[in-house]
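Reading through the structure tokens given below for one structure.
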């Protein structure tokens, strides 16, 4: 195939623990990485993940990171893929940083666990009732009208992610969800998932400062071995300090996947290998109409073993 290949480490959503467990059982790299991750955090990650009833528990976040990296290794070994760059929208930035070797595996695992704890503690008291709600099939003018009406009513809100031109995530008080869903349906759209805790809003700057002071201050970031794209604007990050800033800005800045797509097209990418359990970035039209998408998840990896 002509053109370049990019590895995409997806944002995190509800995942199937059974599929991940089956992949772990049969893939030697996954077993090794889960063992190293368990040694790092001091508990059996796979077992805690399987037992968790929270989609975003600490163990679930660590397991997602490890699975993404194990699947990237599988794609290299089994599919012969070598990326020219990588990107990790939202949560995937942690995996992208580790894959590009801006951060070692164990430090990345420790960072992920500690960020999960600080995030849990922060939202236990801060921004009570605030959620991040995703919806699709709402055109830009209707999105703008919804946000204008919230502003007119004095309701705090922030755009928290743009997945496609008609697919966004909006942070706002949970008490407004019924109103928002009515407006979405009126515009011909569809409500999807409501995230608790919320994510990606400038209002969460205190959490960014805490993570910078309590977690990242003790970490050494190296220059990445391949470019890591900024998930908000698509710029190529080539220094360890830039990758560090990317991870911190994830708390306060909305990813823009269409901007990343434009950047990858300018850089000659024609194939995206999405390494992880993904229901968003590798499936939306802005991705599928511009690239050949290779979905590498636990299910496809098990089916595709040599």
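Since every read-out is calculated from the coordinates, none of them should be taken as a lab result. Bear in mind the structure is a predicted one, so any value in this text is a computation, not a measurement.
Overview of results
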read-out	value
Centroid-to-centroid separation of region 168-233 and region 34-81 [C-alpha atoms, Å]	22 Å
222 nm mean residue ellipticity, helices alone, for the chain (DSSP H n ≥ 4; -39,500 (n - 2.57); rounded to 500)	-14000 deg cm²/dmol
Cα long-axis angle, helix 205-214 against the chain (0 to 90 degrees, to the nearest 10)	30 degrees
Choice from 12, 195, 147 with maximal GNM fluctuation in the chain (Cα, 10 Å cutoff)	147
Global geometry of region 130-195, whether rounded, prolate or oblate, following the gyration tensor of its Cα atoms and the 1.5 cut on a/c	rounded
Degrees, to the nearest 10: 28-41 long Cα axis against longest axis of the chain	70 degrees
Computed over region 130-195: relative contact order in percent, which uses C-alpha pairs under 8 Å that are six or more apart	51 percent
Degrees, to the nearest 10: 257-266 long Cα axis against longest axis of the chain	50 degrees
Distance from region 98-160 to region 242-306 (C-alpha centre basis), Å	18 Å
